[in-house]
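Asker: Before I ask anything, here is the structure I am working with.
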Amino acid sequence: NRSREGWGHIWRRIYAVSGTVSIENSTFFENEAIVSGGAIYRYGEKTTIESSTFIRNQAGSHGGAVLVNKVGSLSIENSEFFENEAIKKGGAISLWHGATHGIRRSAFKANGSNQTTGGAVAVYNSQLVLSETDLIENEALRG
């Protein structure tokens, strides 16, 4: 699936501006956004991802698999991110101007950011709490 701003998966992949979004037991495979959020672009409130897998999603700018922007919080548990890619920031995930985000009991392997930062995760003006999470062979120019 391909879209301009993270709209690659189920119409707009998942592009949500308001309301809570919960994703469970799902697979996002080879979705692409020309700009940001290869599989999920989230602007706004709480997003929960549990027991899900993100494989080879791409974004032309930020957040190869997931981008969360403005006030929204992201909670991820028991999920895997493999071979996702962003040209600029956050090979798997990019978090912008938000609350405190949490990633627990998850794995990030072989994700990458080609031009700048955050091979697995890029965090800007947000807080991220990582626990019991494996980061393996992720690459970026910086960080």
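Rule-based calculations on the coordinates, nothing more; no lab input. Since this is a predicted model, take the numbers as computed values, not measurements. A quick note on method: Cβ atoms are made from the backbone with ideal geometry, for glycine too, and the neighbour counts reach across all protein chains shown.
Asker: Ordered by packing density, taken as the mean number of other Cβ atoms within 10 Å over each peptide's residues, highest first, how do 90-97, 43-50 rank?
Answerer: Ranking the peptides 90-97, 43-50 by packing returns 90-97, 43-50.
Asker: Next question, about the same structure. Residue by residue through the stretch 106-122, what is 3J(HN,Hα) from phi via Karplus (6.51 cos²θ - 1.76 cosθ + 1.60, θ = phi - 60°)? Round to whole Hz and write x for glycine and proline.
Answerer: For the stretch 106-122, the Karplus-derived couplings read 10, 9, 10, 9, 6, 8, x, 10, 6, 9, 9, 10, x, x, 9, 9, 10 Hz, x marking Gly and Pro.
Asker: Quick one: Kirkwood hydrodynamic radius for the stretch 2-138, alpha-carbon pairs, angstrom, one decimal?
Answerer: 13.7
Asker: Based on the Cβ-Cβ distance from GLN127 to SER26, what FRET efficiency comes out when R0 is 25 Å, to the nearest 0.05?
Answerer: 0.45
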